[in-house]
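Colleague: Pasting in a structure now, in structure tokens, and then I'll have a few things to ask.
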Amino acid sequence: MDYIILDIEFNGRKFASELPMEVIEIGAVRLNDALETVDEFSALIKPVYFSKLNSFIKKKTGIPQEDIDSASGFVPVIRSFLTWLGRSESCRFVTWGGEDFKRIVLDTRMHKLDDAYWMSAVYYDLLKVYLRGRGLTNDVSVEAALEELGIPSEGSAHRALDDARMTAEIFRKTFAVLDPEKDAKQYKDTFSNAKERRTVKNAIRLAQSQKFALSWELLAEQVLAGKIDISDPRKAAELKAYFEAETAKPPKPPKPRSGELQGQRPDGGTFAEAPGAATAETDAGEPGSEDAD
């Protein structure tokens, strides 16, 4: 069994747009079953949309515009990557967070390629494994995890291959707490984003702290209406299932938060939405992104 430590970088935008974000770099490290590095893959990708990197992405990644301009497109790069992956008789992927798989699947579909390989691939979200092993609840970056583990940080942060190499070091250090079966994941489509789910969770926590019986119907009417569009039945069903799962968990002691937005409860009380909750998916690479790299 090989382990493919995967990291991707994707382009960002500073304004709302219906145009898709795209993968601009793939980096991967192949480890054998002894967790030894045996091979690496690295490639830049020229995007179809937002081909000119904005200042934030250029500063974050350090990727020169001229290198993007001369890079191959997604289709030849992903085919080359799949050929490279085929050198392993069997493998499981390791990522830091779930964004890497999502972006590859979305770009595969955008270019009308078969997504069967990626939908059936098994991966470990090392971020979640690391947090569990350290008893943490808040996400941390690869760099922060390296520092906590006392591992020297080498290479350039937010360059795909260097990030994959650093993630491989964390994987070696945390391998003992990995549950090969329980931690195994496969990509599935989601219709809500992290901020929307966080809005639901925060409303539940506040209602529990005030011993207020919050129903899905009340949440949708009093908190989500006008803030989160749930007209798509798939999104509504997903958020409702998330609401029910979170409601079933034992209540946690509330943490004081500043600047909460108060909403009126039907009984005359109030419940709040966390500050800064957004209704649209955060742009890749911008502050607040789901990418924890």
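Colleague: Which residues, counting only those in segment 57-88, are farther than 20 Å from LYS46 by Cα and either modelled with pLDDT under 95 or in contact with a strand residue (DSSP E or B) (Cβ under 8 Å, 6 or more places away or on another chain) (or both)?
Modeller: Our first condition is that a residue be farther than 20 Å from LYS46 by Cα; within segment 57-88, this holds for 85-88.
Matches in segment 57-88: LEU85, ARG87, SER88.
Colleague: Please name all residue pairs, on different chains or six or more residues apart, with Cβ atoms under 8 Å, provided the first residue is in segment 169-197 and is within 27 Å of ARG234 (Cβ to Cβ) and the second residue is at pLDDT 95 or above and small (Gly, Ala, Ser).
Modeller: Taking only residues 6 or more apart or on different chains, the pairs are GLN186/SER120; GLN186/ALA121; TYR187/ALA121.
Colleague: What residue, among those in segment 234-250 that are under 22 Å from the mean Cα position of the chain (by Cα) and among the basic types (Lys, Arg), is least open to solvent (accessible area, probe 1.4 Å)? I'd like the intermediate steps shown before the answer.
Modeller: Residues of segment 234-250 under 22 Å from the mean Cα position of the chain (by Cα): 234-243, 245-246.
Checking which are among the basic types (Lys, Arg) leaves us with 234-235, 240.
Working: ARG234: 135, LYS235: 26, LYS240: 76 Å².
Here the answer is LYS235.
Colleague: Another question, if that's okay. Collect the residues in segment 3-40 that are of a type outside the set (A, V, I, L, M), part of a loop (DSSP other than H, G, I, E, B), within 24 Å of PRO76 (Cβ to Cβ) and open to solvent by less than 30 Å² (accessible area, probe 1.4 Å), keeping them in residue-number order. First the steps, then the outcome.
Modeller: Just the residues of segment 3-40 that are of a type outside the set (A, V, I, L, M), to begin with: 3, 7, 9-15, 17-18, 20, 22, 25, 27, 30, 32-33, 36-37, 39-40.
Okay, now just the ones that are also part of a loop (DSSP other than H, G, I, E, B), so 11-15, 17-18, 20, 22, 32-33, 36.
From the residues that got through so far, the ones that are within 24 Å of PRO76 (Cβ to Cβ) too are 11-12, 20, 22.
Correct list: ASN11, GLY12, GLU22.
Colleague: Out of the residues in segment 187-233 that are assigned to a loop (DSSP other than H, G, I, E, B), out of contact with any Gly (no Cβ under 7 Å at 6 or more places or on another chain) and open to solvent by less than 40 Å² (accessible area, probe 1.4 Å), which is nearest to TYR124 (Cα to Cα)? Show your work before the answer.
Modeller: Here is the first cut: in segment 187-233, the residues assigned to a loop (DSSP other than H, G, I, E, B) are 187-193, 210-215, 225-232.
Subsequent filtering for residues that are out of contact with any Gly (no Cβ under 7 Å at 6 or more places or on another chain) retains 187-193, 211, 213-215, 225-232.
From what is left, the residues that are open to solvent by less than 40 Å² (accessible area, probe 1.4 Å) are 187, 192-193, 214, 228.
Working: TYR187: 11, SER192: 21, ASN193: 20, LEU214: 34, ILE228: 30 Å.
That would be TYR187.
Colleague: Within segment 41-55, identify whether any single residue is assigned to a loop (DSSP other than H, G, I, E, B), at pLDDT 95 or above and on the phi > 0 side of the Ramachandran plot, and answer yes or no.
Modeller: No - not one qualifying residue is present in segment 41-55.
Colleague: Residues of segment 70-100 being in a helix (DSSP H, G or I) and surrounded by fewer than 14 Cβ atoms within 10 Å (Cβ to Cβ), which ones?
Modeller: Of segment 70-100, the ones in a helix (DSSP H, G or I) are 74-85, 99-100.
Within segment 70-100, PRO76, ARG79, LEU82, THR83 qualify.
Colleague: Examine segment 107-116 for a residue that is open to solvent by 70 Å² or more (accessible area, probe 1.4 Å) and not in a helix (DSSP H, G or I), and state whether such a residue exists.
Modeller: Taking segment 107-116 and keeping what is open to solvent by 70 Å² or more (accessible area, probe 1.4 Å), we get 109, 112, 114.
Okay, now just the ones that are also not in a helix (DSSP H, G or I), so 112, 114.
Yes: segment 107-116 contains one or more residues that are open to solvent by 70 Å² or more (accessible area, probe 1.4 Å) and not in a helix (DSSP H, G or I).
Colleague: Another question, if that's okay. Does segment 125-141 contain any residue that is more than 21 Å from ARG172 (Cα to Cα) and buried (at least 21 other Cβ atoms within 10 Å of the Cβ)?
Modeller: no
Colleague: Is it the case that some residue within segment 153-169 is β-branched (Val, Ile, Thr), farther than 22 Å from PHE81 by Cα, modelled with pLDDT of 95 or more and in contact with a helix residue (DSSP H, G or I) (Cβ under 7 Å, 6 or more places away or on another chain)? Before the answer, list the steps.
Modeller: If we filter segment 153-169 for residues that are β-branched (Val, Ile, Thr), which is where we start, we get 167.
Okay, now just the ones that are also farther than 22 Å from PHE81 by Cα, so none.
The answer is no; no qualifying residue exists.
Colleague: Just to be sure I understand, how many residues within segment 170-195 are at pLDDT 95 or above, among the polar types (S, T, N, Q) and under 15 Å from the mean Cα position of the chain (by Cα)?
Modeller: Residues meeting the conditions: 1.
The values are calculated or read from the model by the stated rules, or taken from the named source; none is laboratory data. Bear in mind the structure is a predicted one, so any value in this text is a computation, not a measurement. All Cβ positions, even for glycine, are placed from backbone atoms using ideal geometry, and neighbour counts span all protein chains on display. Areas reflect the complete protein model, heavy atoms only, side chains present, ligands, DNA and RNA absent. Shrake-Rupley method; radii C 1.70, N 1.55, O 1.52, S 1.80 Å.
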